[in-house]
Amino acid sequence: MQAAVPKYLYTERLVLELFDHSPEHYQCLLGVMNNPTFYARVGDFSMKAPKQFDAYNKTTRLAGVYSKDMTSDLDFYYLPRVGSKDGPLIGGISLQQRSATVPPDIGWCLLEEFMGKGYATEAAKEFLRYLQEDFVLKEIMAWPGVENLQSIRVAQKIGLVEGGTVRSKETGKADIVYIIPRMKWEENVTVSMWGDS
């Protein structure tokens, strides 16, 4: 499936680079997931090394109809760079499928020094455009968490709307799901953040 997606996506200020398992990409994504802001807004995923990150991604790759029945060999992350292909990496935009029973979810995270500049919205909007228009996904959701007001605003700015709730298998807590307008969503679904085992 990796060969079917472009290496780069572009916005006015950003170049989004497909995750390539390079040390630079791991360092950026693990840095995003291991800072105080991420812990406060999303939680501590206890991912400190590339091996842990890879194990997590293996369980949340696109499958079935969402992978267009291609071999699921893609950790579907784009890493935004500011300005050019040589600009600094600032975070990640991802698409993951937590369960065969729910559509994939789009997510975004930035290094702390790049927050508050509109980069997450800009990158997520272009990735969502690509997913809908070029990759032709009809169902996409976001699951930002009820306390993560910044990510909720990003979901709204890129055109997603409240679509019901999802319950975390780990915590039992229900969160609002944001979906593509007119997409159907089955209420009270329970999903693991770590994907189907």
Do we find that THR60 is of a type in the set (Val, Ile, Thr) and buried (at least 20 other Cβ atoms within 10 Å of the Cβ) in this structure? yes
Suppose we filter GLY107, GLY163 for residues that are assigned to a strand (DSSP E or B), crowded, with 17+ Cβ neighbours inside 10 Å and within 16 Å of the chain's Cα centre (by Cα); which single one remains? GLY107
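In segment 166-197, which residue that is in a loop (DSSP other than H, G, I, E, B) and polar (S, T, N, Q) is modelled with the lowest pLDDT? Don't jump to the end; show me each part of the working.
Going through segment 166-197, the residues in a loop (DSSP other than H, G, I, E, B) turn out to be 169-173, 180-188, 192-197.
Still in the list and also polar (S, T, N, Q): 171, 188, 192, 197.
Working: THR171: 83, ASN188: 74, SER192: 87, SER197: 56.
Here the residue is SER197.
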Limited to segment 1-49, what total is found for residues that are free of Cβ contacts under 8 Å to residues at least 24 places away in the same chain, hydroxyl-bearing (Ser, Thr, Tyr) and not in a helix (DSSP H, G or I)? 2
Within the set of pairs 6+ apart or on separate chains, which have a first residue in segment 99-122 that is more than 25 Å from ARG61 (Cβ to Cβ), a second that is crowded, with 21+ Cβ neighbours inside 10 Å and aliphatic (A, V, I, L, M), and C-beta atoms under 7 Å apart? PHE114/ILE90; TYR119/LEU14; TYR119/ILE90; TYR119/LEU110; THR121/VAL154; THR121/ILE158; GLU122/LEU14
Only one of (1) under 24 Å from THR121 (Cα atoms); (2) at pLDDT below 90; (3) of a type outside the set (D, E, K, R); (4) not in a helix (DSSP H, G or I) does not apply to TYR66, and that is (4)
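The values are calculated or read from the model by the stated rules, or taken from the named source; none is laboratory data. As the structure is a computational prediction, the values presented were derived from the model and not from experiment. All Cβ positions, glycine included, derive from the backbone under ideal geometry; neighbour counts span all protein chains shown.
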